[in-house]
Amino acid sequence: MDRAKWWNTNKALSSTGAMVFKRGFPRTHAFAQARAVFAVAKQRCDEHFNPPKSATLWRLPQEIEEQVEAVWDVWLDDAAKWSEFFDAIAMPLEGDLASLMRRLGLVNDSDVAASKDLRRSVEGRSIQLPGTFGSTRRELALLALGFERGGDRLVVPYARLGGL
């Protein structure tokens, strides 16, 4: 089961998951593993807290989703280059999300410090980022880091979309 224990993708990102996904995706199994886990996390978050006119890590504005889809094919073409990254995710040395993300170069110390200021809502189901979503790297980092603020409980980090 995943470390946070709220999205229940039992060993999907581990070597066991790799063995299963390699059968159908011998060259790109790590990306297939990631897609499967993304789908589960999106569904679980949407069931738990689905704010209207907002962005979450799993439901980004269309232009960002299109950029990810465009670069995804490039990543697939060079899947072997990503093996070290996926190995780090499969067997992280760190006990917390922020440290792993920092080591992988996904966030910096400033992002981690800012994430500590994020507070859960009164009902404890969500964490709203301040301001409106501007599609910045920092906001994406905070949407990811916000999940750690719930501990073993699912909290959905989100940001309001402007102009809607």
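The values are calculated or read from the model by the stated rules, or taken from the named source; none is laboratory data. What you see is a predicted model, and the numbers here were worked out from it, not measured in a lab. Cβ coordinates were reconstructed from backbone atoms using ideal geometry, including for glycine residues, and neighbour counts include every protein chain displayed.
General observations
- Residue match in the stretch 3-15 (condition: touching a Phe, Trp or Tyr at 6+ places or on another chain (Cβ under 9 Å), in a loop (DSSP other than H, G, I, E, B) and closer than 19 Å to Ala141 by Cα): yes
- Just one of the numbered conditions (1) surrounded by 13 or more Cβ atoms within 10 Å (Cβ to Cβ); (2) at pLDDT 95 or above; (3) among the polar types (S, T, N, Q); (4) more than 15 Å from the chain's Cα centre (by Cα) is not true of Ser110: (1).
- Qualifying residues in the stretch 39-74 (those that are among the hydrophobic types (A, V, I, L, M, F, W, C) and in a loop (DSSP other than H, G, I, E, B)) - the one surrounded by the fewest Cβ atoms within 10 Å (Cβ to Cβ): Trp58
- Scope the stretch 44-79; condition in contact (Cβ under 8 Å) with a residue 40 or more places away in the chain and more than 26 Å from Val155 (Cα to Cα); matching residues: Trp72, Trp75, Leu76, Ala79
- When Arg103, Arg119 are checked against the criterion of being farther than 21 Å from Ser14 by Cβ, exposed (fewer than 15 other Cβ atoms within 10 Å of the Cβ) and of a type in the set (Lys, Arg), a single residue qualifies: Arg119.
- Of residues in the stretch 132-141 being under 19 Å from the mean Cα position of the chain (by Cα) and not in a loop (DSSP other than H, G, I, E, B), the one surrounded by the fewest Cβ atoms within 10 Å (Cβ to Cβ): Arg137
- Which listed residue is out of contact with any strand residue (DSSP E or B) (no Cβ under 6 Å at 6 or more places or on another chain), over 30 Å from Arg160 (Cβ atoms) and hydroxyl-bearing (Ser, Thr, Tyr), from Ser110, Ser14, Ser99: Ser14
- Cβ-Cβ distances below 6 Å connect the following pairs, each with a first residue in the stretch 90-119 that is without any contact (Cβ under 8 Å) to a residue 24 or more places away in the chain and under 30 Å from Val20 (Cβ atoms), a second residue that is of a type in the set (D, E, K, R) and assigned to a loop (DSSP other than H, G, I, E, B), and a separation of six or more residues or different chains: Leu100/Glu94.
- Only a single criterion out of (1) out of contact with any strand residue (DSSP E or B) (no Cβ under 6 Å at 6 or more places or on another chain); (2) part of a strand (DSSP E or B) is not satisfied by Tyr158, namely (1).
- Just one residue in the set Leu118, Leu129 is of a type in the set (A, V, I, L, M) and either in a loop (DSSP other than H, G, I, E, B) or in contact with a His (Cβ under 9 Å, 6 or more places away or on another chain) (or both); that residue is Leu118.
- Residue pairs meeting the criteria (Cβ under 9 Å; at least 6 apart or on separate chains; first under 18 Å from Asp77 (Cα atoms), in the stretch 12-38; second of a type in the set (Phe, Trp, Tyr) and outside any helix (DSSP H, G or I)): Phe31/Phe25; Ala32/Phe25; Gln33/Phe25
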